[in-house]
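The values are calculated or read from the model by the stated rules, or taken from the named source; none is laboratory data. Keep in mind that this is a model prediction, so the values were computed, not measured. Here the Cβ positions follow ideal geometry from the backbone for every residue, glycine too, while neighbour counts run over all protein chains shown. We work out accessible area using only protein heavy atoms, side chains counted, and drop any ligands, DNA or RNA first. Shrake-Rupley method; radii C 1.70, N 1.55, O 1.52, S 1.80 Å.
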Amino acid sequence: MIFGRDPLANPEPLIRRVYAYCAYRLGDGAEAEDATSDTFERALRYRSSFDSRRGTPAAWLIGIARRAVDDLLARRLTTLEELPEQEAPDRDPTLRLDLAHAVAQLDDRDRELVALRYGADMTARQIAELLGLRTNAVEVALHRALNRLRTVLVPEEPAEGTRKLRPKLTP
């Protein structure tokens, strides 16, 4: 390694983190496993390009995983395959469906930020380094994305004793 230690020296936690990110973007199952495998195949091929001065092994791998997921999604679109059936968790299937629906309503940038933060379990600082942004910009964008999710998931109810005003419609 020219630029630092071997990024794959301790692969177990990295595999879990990369799979979590891929599963967040693609859903649990074969596609997430394929994207994870592709990520580590690329990482092995290009491990000499890892530079520890530019970030952690996890951030480097998530950057590779982003491209692997995007490649898989592009192939999915070009072949017009339908999304695979996914099993809902036993806990609360409606909550998972509601959340998936709400996340799907976000724009691409917000979905990516949410996936990196909660799917890959990255900090705002790590996301900023990965995307070439300032940490504060990532924090603000995440805050706004979560507020958009909140408005979809928890519609505002009028306070007790008041009534919700309806917008005036003009013909």
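Considering only the other residues whose Cβ falls under 14 Å of the Cβ of Asp110, what net charge follows from Lys and Arg at +1 and Asp and Glu at -1?
My count for the surroundings of Asp110 gives +3.
Round to the nearest 10 and report in Å² the accessible area of Thr151, as given by a 1.4 Å probe over the protein chains' heavy atoms.
Result for Thr151: roughly 90 Å² accessible.
When only the heavy atoms of the protein chains count and the probe is 1.4 Å, how do Leu149, Leu77, Leu131 rank by accessible area, highest first?
The ranking, largest first, comes out as Leu77, Leu131, Leu149.
Ignoring ligands and nucleic acids, what accessible area does Asp108 show with a 1.4 Å probe (Å², nearest 10)?
Roughly 110 Å² of Asp108 is accessible to a 1.4 Å probe.
Sorting Asp51, Asp121 by accessible area (1.4 Å probe), largest first, what list results?
Sorted descending by solvent-accessible area, the residues read Asp121, Asp51.
Within the set of other residues whose C-beta is less than 11 Å from the C-beta of Arg42, count the net charge using Lys and Arg as +1 and Asp and Glu as -1.
Net local charge, Arg42 excluded: 0.
Kindly report, to the nearest 10 Å², the accessible surface of Thr56 as traced by a 1.4 Å probe over protein heavy atoms only.
The accessible area comes out at roughly 60 Å².
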